[in-house]
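A quick write-up on the structure given underneath.
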Amino acid sequence: MVEEPMEDAVESAFTQVPSKDHWFQYSIAPDDFDAEKVWKVIQRFRTLLGGDSWQCPFCGVFFKGHHATKATFHLSKSVGGGIKGCIGRMPTWLVESFKEAIRQKDQIKNMRKQITLKQNDHALSSIRVQASVIEEGQKRSSNSALASSSKKVQRTMHDTSRAAASTQLSVALCELVFAHGLSDAIPGSNAMKRVLKLAREAPSTYVPPDKDAVRGKYLDQNCSLRETRALKLVRDHSEIYGCSLLSDGATIHGCSLVNILAGIPISLPPVMEIVDCTDHLASGGSKDSLFLTTEMIPVAERIGSRNVYLYILDGTSNERSSGEMLEEKYPWTTLLHGSEHVLSLAVGKVCKIPEFAELVEEHGEMYSWFTHHQKPSAIFQKYAKQFNRGTGRKITIMRA
Ligand SMILES: [Zn+2]
């Protein structure tokens, strides 16, 4: 590139520009190239008769006026700007540079538009100030001979558009949380960090999965991934320490399930299996001991039944006899019963003694008086706060 002092370049704008062959010497933009300065590529003319004009070095066409934006559009080979795109052969990097220059101008325009929409947003109003600084900088650099370095302007513009994009991203993340009733910890979670990282690397053609894919293909994929991880974790540790299997029935939203968890020393018990009993029950079966045992055995075998030393089961009768079957099949195991079932049965019987029953009934009335009536509830809250050792924390009535 022909080196010219900056003052010269702008003031005597009609100095000879490099020929088109000059630009083909480069495979990428040279360091001192600046797409903001379109007149360093295009030759301008001023004649007494014809007035202002310029000639594109690549297609050779003459145009009237000295319109930098129009000239930039011409060299970017894009549609718009009130001028035809260049049909001459040009280095790709040169076309892309001018395209980028147009994109950046559009970004500033968009930022200003947003600010008009959200005048109150503090973050955006600071962007507005920055945007106008940049715009003035641009005007100066194209109009005056003493323009500040346009590289600097470009950098500031870049920073500004980045700041605007960051603010917009935060707003969008929070909108996602509010609109879908998600946890407010989601934007800062590791899963979201992963999403953002991958989004940066994804191609612009990326289309996110639709809801059928989310609850179908991807849910299955996620499930099998977690199963594989959990099994590996349990197997690795049970070889050294042994492990326990915990099982319990649960009915969630009318769906009858049996959950099987593995107890290992280094983490919370990973879920090994969730058995959906619906089909079994529909075909006339019940959640009896045989059914429970046949569901437990494959899990024990997957882990390596030799390394499972302890079975912790519920206190219900079907779980009890299922445990006995397992003990018979695997004689090295120990059997434990969850005692909360037995305990709740015992407490239930105690509460049937008339003196206790009366207490329970009175408590029930008091509970419903203070929780189901607005005025007593408000009065209760007021005094509860006062008497709660001055901590101001709410206390509630325990439900009988
Ligand atoms: Zn052209």
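The values are calculated or read from the model by the stated rules, or taken from the named source; none is laboratory data. Since the model is a prediction, treat every value here as computed from it, not as a measurement. Please note: Cβ atoms are built from the backbone with ideal geometry, for glycine as well, and neighbour counts cover all protein chains shown.
Checking each residue in region 301-319 for being more than 22 Å from residue 240 (Cα to Cα) and surrounded by 15 or more Cβ atoms within 10 Å (Cβ to Cβ) picks out 313, 314, 315, 316, 318, 319. Inside region 80-98, residues that are assigned to a loop (DSSP other than H, G, I, E, B) and within 11 Å of the ligand (Cβ to nearest atom) make up a count of 8. Out of curiosity, is residue 203 surrounded by 11 or more Cβ atoms within 10 Å (Cβ to Cβ) and in a loop (DSSP other than H, G, I, E, B)? No.
Whenever a residue of region 81-102 is under 22 Å from residue 32 (Cβ atoms), its partners that are part of a helix (DSSP H, G or I) and of a type outside the set (D, E, K, R), lying with C-beta atoms within less than 6 angstrom and at least six residues away or across chains, give the pairs 91/23; 91/24; 94/23; 98/72; 98/75; 101/72.
Within the set 266, 252, 240, the sole residue that is touching a residue at least 12 places away in the same chain (Cβ under 8 Å) and in the same structural domain as residue 302 (by TED's automatic domain parsing) turns out to be 266. Has region 188-195 got any residue that is surrounded by 10 or more Cβ atoms within 10 Å (Cβ to Cβ), touching a residue at least 12 places away in the same chain (Cβ under 8 Å) and over 30 Å from residue 300 (Cα atoms)? Yes, region 188-195 has at least one match. Pairing residues of region 57-71 that are at positive phi with residues that are more than 14 Å from the ligand (Cβ to nearest atom) and of a type outside the set (D, E, K, R), at Cβ distances under 9 Å and at least 6 apart in sequence or on separate chains, gives 65/51.
Selection of region 234-258 for residues being crowded, with 16+ Cβ neighbours inside 10 Å and within 31 Å of the chain's Cα centre (by Cα) yields only 234.
Among the residues making up region 19-34, those that are touching a residue at least 24 places away in the same chain (Cβ under 8 Å) and either within 15 Å of the ligand (Cβ to nearest atom) or of a type outside the set (Gly, Ala, Ser) (or both) are 19, 20, 23, 24, 26, 28, 30, 32, 33, 34.
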